[in-house]
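Just so you know, all these numbers are worked out from the coordinates, no wet-lab data involved. These numbers come from a predicted model, not from an experiment. Note that we place each Cβ from the backbone using ideal geometry, even for glycine, and neighbour counts take in every protein chain shown.
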Amino acid sequence: MAPLLNAPVRLSVVAALAPLDKAEFGFVRDVVEVSDSVLSKQVAALEGAGLVGVHKGRVGRHPRTWLSLTPEGRVVYRRHLDALRAIALG
């Protein structure tokens, strides 16, 4: 298991990103149902561990932040899910 993913918000962020190439920060915030500051803190931890990539840019005049799982993040997430399944199914 990945200890970093034991936190419910971090696991939810990774789960939200798993089926996507990338997602806008606001989309992930709304899916996970947390505030900007909570999401920012959890994304920083995931980024620091190399599991999530953070990409900043603009759409017109508006700054935007996109999040994506790194290849390592996808592997760690799959392994974490496998470990949870093994625990749940005994």
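Of the residues that make up the stretch 70-78, is at least one more than 13 Å from LEU5 (Cα to Cα), without any contact (Cβ under 8 Å) to a residue 24 or more places away in the chain and in contact with a strand residue (DSSP E or B) (Cβ under 7 Å, 6 or more places away or on another chain)? Yes, the stretch 70-78 contains a residue that is more than 13 Å from LEU5 (Cα to Cα), without any contact (Cβ under 8 Å) to a residue 24 or more places away in the chain and in contact with a strand residue (DSSP E or B) (Cβ under 7 Å, 6 or more places away or on another chain). Within the stretch 27-42, is there a residue that is closer than 22 Å to ASP82 by Cβ, assigned to a helix (DSSP H, G or I) and touching a strand residue (DSSP E or B) at 6+ places or on another chain (Cβ under 7 Å)? No, the stretch 27-42 contains no residue that is closer than 22 Å to ASP82 by Cβ, assigned to a helix (DSSP H, G or I) and touching a strand residue (DSSP E or B) at 6+ places or on another chain (Cβ under 7 Å).
Going through the stretch 12-47 one residue at a time, which ones are among the basic types (Lys, Arg) and buried (at least 18 other Cβ atoms within 10 Å of the Cβ)?
Taking the stretch 12-47 and keeping what is among the basic types (Lys, Arg), we get 22, 29, 41.
Residue satisfying the conditions is ARG29 alone.
Out of everything in the stretch 43-61 that is in contact with a strand residue (DSSP E or B) (Cβ under 8 Å, 6 or more places away or on another chain) and assigned to a helix (DSSP H, G or I), what residue ends up being farthest from GLU72 (Cα to Cα)? Top of the filtered list is VAL43.
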